[in-house]
Amino acid sequence: MNNKVLVNLKVPELDESYNVYLPANRKIGNIIKLLVKAISEMTEISLQDDGNIYLYDGDTGTKFDINKILKDTSIRNGSILILL
């Protein structure tokens, strides 16, 4: 599965974490939209994607650029990400 990356996604707003596969060839901004939609459908809690939700590196706290393609970032299998 070279085109997907398995990460641990933490969502502090819901006090939950998920193991998810992310597409390596998509922009971070598109991935955020997909994650918000999927989490909202799974939990029946409406997360509002008002343009202020970002992905952060769980180890360093660095915010990922929404215009970068995932494979061009430091995100790898086993990375811990925070959706906030």
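The values are calculated or read from the model by the stated rules, or taken from the named source; none is laboratory data. If you're wondering where the values come from, they're calculated on a predicted model, not measured in any experiment. Note that each Cβ is placed from the backbone with ideal geometry, even for glycine, and that neighbours are counted across all protein chains shown. Please note that ligands, DNA and RNA were not included when accessible areas were found on the heavy atoms of the full protein model with its side chains. Shrake-Rupley method; radii C 1.70, N 1.55, O 1.52, S 1.80 Å.
Side notes on the structure shown:
- Number of positions in region 66-84 that are open to solvent by 80 Å² or more (accessible area, probe 1.4 Å) and under 18 Å from Pro23 (Cβ atoms): 6
- Condition broken by Pro12, with the remaining ones in (1) without any contact (Cβ under 8 Å) to a residue 60 or more places away in the chain; (2) over 16 Å from Gly78 (Cα atoms); (3) within 13 Å of the chain's Cα centre (by Cα) satisfied: (1)
- Every residue from region 10-26 that is surrounded by fewer than 17 Cβ atoms within 10 Å (Cβ to Cβ) and outside any strand (DSSP E or B): Pro12, Glu13, Leu14, Asp15, Asn25, Arg26
- Every residue from region 29-76 that is assigned to a loop (DSSP other than H, G, I, E, B), under 24 Å from Asn2 (Cβ atoms) and among the aliphatic types (A, V, I, L, M): Ile66, Ile75
- Inclusion of Ile53 among residues that are open to solvent by 30 Å² or more (accessible area, probe 1.4 Å) and of a type in the set (A, V, I, L, M) is not warranted.
- Pair list, Cβ < 9 Å and 6+ apart or interchain, from region 38-66 residues that are under 14 Å from Ile80 (Cα atoms) to residues that are open to solvent by 40 Å² or more (accessible area, probe 1.4 Å) and of a type in the set (Gly, Ala, Ser): Asp57/Ser74; Thr60/Ser74; Thr62/Ser74; Phe64/Ser74
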